[in-house]
1. Looking only at the range 133-181, count every residue that is open to solvent by 20 Å² or more (accessible area, probe 1.4 Å), part of a loop (DSSP other than H, G, I, E, B) and among the small types (Gly, Ala, Ser) and tell me the total.
2. Among the residues of the range 24-47, count how many are closer than 18 Å to residue 113 by Cα and either open to solvent by less than 10 Å² (accessible area, probe 1.4 Å) or polar (S, T, N, Q) (or both).
3. So, residue 118, is that one of a type in the set (Ser, Thr, Tyr) and free of Cβ contacts under 8 Å to residues at least 40 places away in the same chain or not?
4. List every residue pair whose Cβ atoms lie under 9 Å apart, where the two residues are 6 or more positions apart in sequence or sit on different chains, the first residue falls within the range 149-172 and is more than 24 Å from residue 9 (Cα to Cα), and the second residue, located anywhere, is aliphatic (A, V, I, L, M) and in a loop (DSSP other than H, G, I, E, B).
5. Open to solvent by less than 20 Å² (accessible area, probe 1.4 Å), closer than 28 Å to residue 204 by Cβ, modelled with pLDDT of 95 or more and over 18 Å from the mean Cα position of the chain (by Cα): is that true of residue 50 in this structure?
6. Just for strands (runs of 3 or more DSSP E) wholly inside the range 1-81: which have at least 1 residues that are without any contact (Cβ under 8 Å) to a residue 40 or more places away in the chain?
7. With the requirement that a residue be surrounded by 15 or more Cβ atoms within 10 Å (Cβ to Cβ), within 18 Å of residue 35 (Cα to Cα) and among the charged types (D, E, K, R), what does the range 53-83 give you?
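The values are calculated or read from the model by the stated rules, or taken from the named source; none is laboratory data. The structure presented is a predicted model; accordingly, all values stated were derived computationally and were not measured. Here Cβ is always computed from backbone atoms with ideal geometry, including for glycine, and neighbour counts include all displayed protein chains. Heavy atoms of the whole protein, side chains included, go into the accessibility calculation; ligands, DNA and RNA do not. Shrake-Rupley method; radii C 1.70, N 1.55, O 1.52, S 1.80 Å.
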Amino acid sequence: MSKISIVVVAYNRPDSLERLLNSLSKVNYLNEDVKLYISIDKDEENIKLHDEVVKVAKSFKWNYGEKIINVEKNNLGLKRHILQCGNLTEKFENIIVLEDDLIVSPLLYIYAKQVLEYYKDDRKIAGFGLYSFQRNPINNLPFYPMNEASDVYFLQYACSWGQMWTRNQWNEFYAWYENNNEDFSSATIPSNVKSWGEKSWLKYYIKYIIETDKFFVYPQNGLTSNFTDKGTHSHK
């Protein structure tokens, strides 16, 4: 069966990072060797906060395999940081990507292994969401996916609250991105997605999915939850 590595995306939220890492320590990894890669973007305005994030990462004990910590020397910003982490599929092949304001279910890895084995060779699948929407992300109305005796459902909408990519899925997106990362004016995508700023990587992935007629697989019952802690795209 395919191996999966976990990539944690961190930036200036030490308490959030610690909460996520603690939840990852409670996941059932099926006695497999699982690499944990913690990528920390540089906070150039608050060095003390940045150093606290690094301290949390270094002090966290990972009992399931190799722990790798990458600390950026300069600030990348969220979009570049996610794109850089996505490119880790070249090294790790299959990756679960988790931003630091998430918490995960103990069943995360079991689900990821099962859904990966089932859909990994399906060219219509552009990625795997680990979150399950409670509200429609376009109009913010309550969202209830149809349950037709299936564990999953499909959307032409990418996930940023816990996602998994194979090397092929990411490479196909990234090849498209390098030639389609400018004009959104004529894109057939929801108007609210068009309005997202240049720091958003997600709007490019959504545009890619729609233009190439691909889908994200989502679980009926989510394996991640988001705390919407104050950060780049959340100001509460």
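1. Counting residues in the range 133-181 that are open to solvent by 20 Å² or more (accessible area, probe 1.4 Å), part of a loop (DSSP other than H, G, I, E, B) and among the small types (Gly, Ala, Ser) gives 3.
2. So the answer is 8.
3. yes
4. 153/146
5. yes
6. Those strands (runs of 3 or more DSSP E) span 36-40, 67-71.
7. 67, the sole residue that qualifies.
Residue by residue, here is whether (1) among the acidic types (Asp, Glu); (2) more than 13 Å from the chain's Cα centre (by Cα); (3) outside any strand (DSSP E or B); (4) surrounded by 17 or more Cβ atoms within 10 Å (Cβ to Cβ) holds:
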{"site": "85", "(1), (2), (3), (4)": "no, no, yes, yes"}
{"site": "90", "(1), (2), (3), (4)": "yes, yes, yes, no"}
{"site": "98", "(1), (2), (3), (4)": "no, no, no, yes"}
{"site": "110", "(1), (2), (3), (4)": "no, yes, yes, no"}
{"site": "116", "(1), (2), (3), (4)": "no, yes, yes, yes"}
{"site": "122", "(1), (2), (3), (4)": "yes, yes, yes, no"}
{"site": "127", "(1), (2), (3), (4)": "no, no, no, yes"}
